[in-house]
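*Asks:* Dumping the structure here so I can ask a few things about it.
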Amino acid sequence: MANENNFSDIISHCKEYGYLFPSSEIYDGLSAVYDYGQNGAQLKKNIRDLWWKSMTQMHEDIVGIDAAIFMHPLTWKASGHVDNFSDPMIDNKDSKKRYRVDQLIEAHADKLASEGKKEESEELLKVMDGLIAKDDFAGLKQLILDNNIKCSVSGTAHWTDIRQFNLMFDTQLGSVSGEADKIYLRPETAQGIFVDFLNVQKTGRLKIPFGIAQTGKAFRNEIVARQFIFRMREFEQMEMEFFVRPGTELEWYERWKHERLEWHKALGIPAEKLRFHNHTKLAHYANAAVDIEFEFPFGFKELEGIHSRTDYDLKQHQTYSKKKIQYFDNESGPDGKPYGNYIPYVIETSVGLDRLVLAIISLSFTEEKWKREDGSDDGRVVLKIPPKIAPYKLAVLPLVKKDGLPEIARDLVKKCHQDFYAFYEEKDSIGKRYRRMDAIGTPFCVTVDHQTKEDQTVTIRDRDTMTQRRIHLDEVVPEVLKAIR
Ligand code: ATP
């Protein structure tokens with residue numbers, strides 16, 4: 001598992017092995033925007049597919065949609081993003097560096113904790129939470145000054161007042177620019193689900209309770225964008241809105257809270273790396289909210305948010321669109337009368353796909369060192385990615401580039417392609433090829449050698465234990481399938 005000390009090694013590793021590159025790197029990159037390379041894109045897709053399958057295919061009462069990134073601008077007025085989607089920021093007057101207030105204070109609290117001042121650190125966070133809950137910006141500034149929190153660039157505590165900055169990107173629709181044509185890049189995928197609510201419910205003949213799931217890009221002009229793909233300006237979310245009868249929402253909230261935690265564990269994240277963090281300050285539309293946090297190399301941080309959003313969003317869209325957004329419930333309540341028309345309440349589960357990729361990579365990144373028999377040092381860097389989401393499942397390696405071994409290996413690769421990704425490689429020594437596959441995170445390597453020609457057996461090597469055994473060629477596909485199911 002990675003820690004703060006080797007976080008930069010992870011970032012370099014991701015670049016060296018085709019996982020992630022800075023966007024437009026030949027032009028020196030674009031701040032907080034990243035491209036997924038050949039292995040990263042596949043890992044991300046595997047995680048997205050698993051989420052989609054578990055949400056839709058495995059839940060009879062949830063369907064998936066794919067709404068557009070561009071939406072009518074009133075959507076964002078209705079959702080509250082135009083007026084409220086902002087973060088309190090503070091600038092350092094000397095370095096001109098801008099900070100998100102909560103992150104500036106949290107970083108100071110982390111520093112205190114690392115110096116052994118745990119109680120002081122916890123007290124600082126408690127006071128900060130209280131001030132944030134009251135939107136007390138003057139109090140927050142005073143807290144920063146009282147704690148002598150300094151800018152990491154200038155080293156000074158010359159701060160401006162705290163101001164709010166909207167995080168939405170805007171652009172123009174069509175060729176004529178003007179305020180009327182201003183549209184936004186969606187800052188969350190959820191609103192696409194809300195505005196499509198009636199279309200989906202009616203065409204799918206869906207009965208409450210039911211959910212609508214969606215994955216897709218979201219955009220936020222994050223002021224403080226750092227920690228690699230943890231906080232990006234263009235990222236991907238996987239969101240599900242579960243519509244329920246008013247009054248039952250807190251029961252469903254508890255169910256989803258636990259179901260989502262279990263999902264992360266089933267993905268391969270150990271329980272001790274996950275925790276719940278209840279929100280002290282609830283958004284005006286929520287009546288309960290919790291984050292599932294993961295222990296990233298830089299500490300426990302939000303991976304997924306679960307919110308009980310009441311009927312706020314649908315109600316707002318009803319008001320702004322002047323279209324009735326209601327559900328007719330013909331089931332009878334305890335008093336024997338039908339529930340009738342109402343605006344459903346909503347539980348939202350919202351997870352960042354890129355944060356999940358980072359969680360899996362930092363969890364999988366392992367540096368191993370050992371002594372060879374002659375006393376010299378040996379070691380490897382291995383990505384112990386859970387086999388079911390690893391980009392390649394198998395590498396097929398002919399021992400030498402002749403004697404008919406490449407042909408046998410190629411045949412095996414072809415056989416695998418129906419079921420999973422297999423990688424063929426014949427260059428370099430077998431040891432070097434194993435190391436490369438370890439670094440990419442390929443769970444199995446099969447070596448085809450001269451004995452294969454005689455008895456149809458190959459050596460299969462396990463990435464994590466490095467143990468090798470001989471199995472029949474026909475057993476290779478079933479062995480791998482067993483491990484990735
Ligand atoms: P944070 O407090 O870390 O900014 P948030 O509370 O604003 O996150 P939500 O609006 O609840 O996040 O978004 C749901 C999920 O989307 C988050 O749990 C996170 O995984 C992901 N996410 C949000 N912002 C970003 C970002 N800038 N880059 C990558 N992922 C993000």
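*Asks:* Does Thr280 satisfy the criteria of being open to solvent by 30 Å² or more (accessible area, probe 1.4 Å) and within 16 Å of the ligand (Cβ to nearest atom)?
*Replies:* yes
*Asks:* Continuing with this model, one more query. Check whether at least one residue in the stretch 289-309 is closer than 27 Å to Phe197 by Cβ and away from the ligand (no atom under 14 Å from the Cβ), and report yes or no.
*Replies:* Checked the stretch 289-309: no residue is closer than 27 Å to Phe197 by Cβ and away from the ligand (no atom under 14 Å from the Cβ).
*Asks:* Something else now. I'd like to know if the stretch 467-476 contains one or more residues that are touching a residue at least 40 places away in the same chain (Cβ under 8 Å) and touching a strand residue (DSSP E or B) at 6+ places or on another chain (Cβ under 9 Å).
*Replies:* Looking for residues that are touching a residue at least 40 places away in the same chain (Cβ under 8 Å) and touching a strand residue (DSSP E or B) at 6+ places or on another chain (Cβ under 9 Å), one finds at least one in the stretch 467-476, hence yes.
*Asks:* Can you tell me which residue among Val476, Val458 is touching a Ser or Thr at 6+ places or on another chain (Cβ under 7 Å) and open to solvent by less than 20 Å² (accessible area, probe 1.4 Å)?
*Replies:* Testing whether each residue is touching a Ser or Thr at 6+ places or on another chain (Cβ under 7 Å) and open to solvent by less than 20 Å² (accessible area, probe 1.4 Å) leaves just Val458.
*Asks:* Which residues, taken from the stretch 220-240, are within 22 Å of Trp51 (Cα to Cα) and within 9 Å of the ligand (Cβ to nearest atom)?
*Replies:* Ile229, Phe230, Arg231, Met232, Glu234, Phe235, Glu236, Gln237, Met238, Glu239, listed by residue number.
*Asks:* Using the structure shown, decide if Phe219 is touching a Leu at 6+ places or on another chain (Cβ under 8 Å), within 30 Å of Phe298 (Cβ to Cβ) and modelled with pLDDT of 95 or more.
*Replies:* It is true that Phe219 is touching a Leu at 6+ places or on another chain (Cβ under 8 Å), within 30 Å of Phe298 (Cβ to Cβ) and modelled with pLDDT of 95 or more.
*Asks:* Let me ask you something else. Kindly indicate which of Pro187, Pro209 is more than 16 Å from the ligand (Cβ to nearest atom), assigned by TED's automatic domain parsing to the domain that holds Ile62 and under 30 Å from Ala359 (Cβ atoms).
*Replies:* Pro209
*Asks:* If you check every pair at least six apart or on different chains, which have Cβ atoms under 7 Å apart with a residue in the stretch 268-291 that is among the polar types (S, T, N, Q) first and a residue that is assigned to a strand (DSSP E or B) second?
*Replies:* Close Cβ pairs satisfying both conditions: Asn278/Val290; Asn287/Ser308; Asn287/Thr310.
*Asks:* Within the stretch 391-427, work out how many residues are modelled with pLDDT under 95 and crowded, with 21+ Cβ neighbours inside 10 Å.
*Replies:* 0
*Asks:* Can we say Asn46 is of a type in the set (S, T, N, Q) and closer than 22 Å to Lys217 by Cα?
*Replies:* Yes, satisfied.
*Asks:* Could you tell me whether Arg231 is assigned by TED's automatic domain parsing to the domain that holds Asn287, of a type in the set (Lys, Arg) and surrounded by fewer than 17 Cβ atoms within 10 Å (Cβ to Cβ)?
*Replies:* In short, no.
*Asks:* Kindly evaluate Ser31 against the criterion of being open to solvent by 60 Å² or more (accessible area, probe 1.4 Å), polar (S, T, N, Q) and either away from the ligand (no atom under 13 Å from the Cβ) or not in a strand (DSSP E or B) (or both).
*Replies:* So Ser31 passes the test.
*Asks:* Among the strands (runs of 3 or more DSSP E) confined wholly to the stretch 336-390, which include 1 or more residues that are within 14 Å of the ligand (Cβ to nearest atom)?
*Replies:* Answer list for the stretch 336-390: 345-352.
Yes/no matrix, rows are residues, columns are (1) of a type in the set (Ser, Thr, Tyr); (2) closer than 30 Å to Ser114 by Cα; (3) in contact with a Gly (Cβ under 6 Å, 6 or more places away or on another chain); (4) open to solvent by 10 Å² or more (accessible area, probe 1.4 Å):
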| residue | (1), (2), (3), (4) |
| --- | --- |
| Glu293 | no, yes, no, yes |
| Phe298 | no, yes, no, yes |
| Glu304 | no, yes, no, no |
| His307 | no, no, no, yes |
| Thr310 | yes, no, no, yes |
| Gln316 | no, no, no, yes |
| Lys323 | no, no, no, yes |
| Asn330 | no, no, no, yes |
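The values are calculated or read from the model by the stated rules, or taken from the named source; none is laboratory data. It should be emphasised that the depicted structure is a prediction, and the values quoted were computed from it without experimental measurement. Positions of Cβ are backbone-derived with ideal geometry, glycine not excepted, and every protein chain shown enters the neighbour counts. Heads up: the accessible areas ignore ligands, DNA and RNA and are worked out on the full protein's heavy atoms, side chains in. Shrake-Rupley method; radii C 1.70, N 1.55, O 1.52, S 1.80 Å.
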